[in-house]
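S.K.: Would you mind keeping the following structure in view while I ask a few things?
Every number in this text was worked out from the coordinates using simple rules, so none of it is lab data. In this text, all values refer to a predicted model and were calculated from it rather than measured experimentally. Note that we place each Cβ from the backbone using ideal geometry, even for glycine, and neighbour counts take in every protein chain shown.
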Amino acid sequence: MTTAALAEDFVLAPAGAVARTLRRGQSLQITDLEGQQVADVIVFALPELSDRLWPSTTIRLNGTVYFTTGHVLYSELSRPLLTIVEDTCGRHDMLAGSCNAEIDKVRYGVDEHRGCVENFVEAIAPWGLARPDVPMSFNVFMNCPVQPDGSWSIAEPASRAGDYITFRAEADVLVAISNCPQDLNPCNAGELKPLGIAISAAR
């Protein structure tokens with residue numbers, strides 16, 4: 001996206017979160033500024049907000065668990081929400097969901113370790129949404145290989161500094177982005193880093 005055509009262009013701090021509304025046709029670009037940093041993304045259809053990003057629908061309608069250019073993120077009601085129009089990394093995740101304090105307590109024995117769910121709750125609160133409204137996320141740059149025997153793991157991201165993914169809104173939507181704060185597994189290669197966020201101007 002060219003600078004002149006941008007409505008917003010900013011850096012999302014490590015472990016930070018943000019939510020923005022997009023009109024149909026607007027683009028959202030997420031850039032991994034330093035490499036190997038995951039961004040969790042959730043989406044709500046406007047204006048009702050009750051129809052949300054739905055991973056199982058998205059996987060079935062695309063016929064894959066590995067998403068890249070040309071794939072569409074769908075809602076629970078099979079509504080197209082976002083289309084991936086550019087992707088320089090090619091490895092993202094839609095199986096893991098979002099980290100949160102409760103699962104990190106079970107997995108790693110730590111108390112009150114902030115996760116993406118806690119980030120999302122704060123980011124979407126101005127729209128009257130709360131934790132029960134948070135759907136499973138699309139995890140940009142997250143690398144979760146699935147083996148032929150069905151085993152699954154979290155590996156370090158394949159993204160390098162400067163890699164980006166661009167989405168086009170297929171409807172009016174609310175999008176929330178969590179710059180993943182997970183530092184207890186290989187998700188972010190052991191270091192939390194900033195992300196670049198760019199939003200095109202509305203037409």
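S.K.: Return the FRET efficiency for the residue pair Ser78, Arg160: r is the Cβ-Cβ distance, R0 is 45 Å, and the value is rounded to the nearest 0.05.
M.R.: Working: r = 34 Å, r/R0 = 0.76.
That pair, Ser78 with Arg160, gives E of 0.85.
S.K.: Something else now. Of Tyr164, Ala130, Ala176, which is farthest on the positive side of the dipole of segment 111-177, counting Cα position, with +1 on Lys and Arg Cβ, -1 on Asp and Glu Cβ, and the Cα centre as origin?
M.R.: The Cα lying farthest towards the positive end belongs to Tyr164.
S.K.: Next question, about the same structure. Using the 10 angstrom Cβ neighbour count as an exposure proxy, how do Met94, Met142 rank, fewest first?
M.R.: Ranked by crowding around the Cβ, least crowded first: Met94, Met142.
S.K.: On each of the three principal axes of the Cα atoms of segment 77-177, give max minus min coordinate, whole Å, ordered largest first.
M.R.: Here the spans come out as 41, 40, 30 Å, largest first.
S.K.: Starting from the 7 Å offset along Cα-to-Cβ, what nm value, one decimal, do you get for the label separation of Glu102 and Ser50?
M.R.: 2.3 nm
S.K.: If contacts are Cα pairs under 8 angstrom and at least 6 residues apart, what is the relative contact order of segment 3-200 in percent?
M.R.: 44 percent
S.K.: Now for a separate question. Taking only Cα atoms and a 10 Å spring cutoff, compute GNM fluctuations for the chain and point out the largest among Gly128, Gly16, Gly25.
M.R.: Gly128
S.K.: What does the extension gain come out to for Trp127 and Arg60, with contour length at 0.36 nm per residue minus their alpha carbon separation? Let's see the in-between values first.
M.R.: Numbers: separation 67, 0.36 × 67 = 24.12 nm, distance 2.94 nm.
Additional length available on full extension: 21.2 nm.
S.K.: Please check: in the Gaussian network model of the chain (C-alpha springs, under 10 Å), which one of Asp40, Asp149, Asp183 has the largest mean-square fluctuation.
M.R.: Comparing Asp40, Asp149, Asp183 in the GNM, the peak value goes to Asp149.
S.K.: Please build a GNM for the chain, connecting alpha carbons under 10 Å apart, and tell me which residue among Pro148, Pro186, Pro55 fluctuates the most.
M.R.: Pro148
S.K.: Let a ≥ b ≥ c be the square roots of the eigenvalues of the Cα gyration tensor of segment 3-200; is it rounded (a/c under 1.5), or, if not, prolate (a/b larger than b/c) or oblate?
M.R.: Rounded.
S.K.: Once you have a ≥ b ≥ c as the square roots of the Cα gyration tensor eigenvalues for segment 58-129, tell me rounded if a/c is under 1.5, and otherwise prolate or oblate according to whether a/b is larger than b/c. Don't skip to the answer; put the middle values down first.
M.R.: Details: a/c = 2.35, a/b = 1.61, b/c = 1.46.
Prolate.
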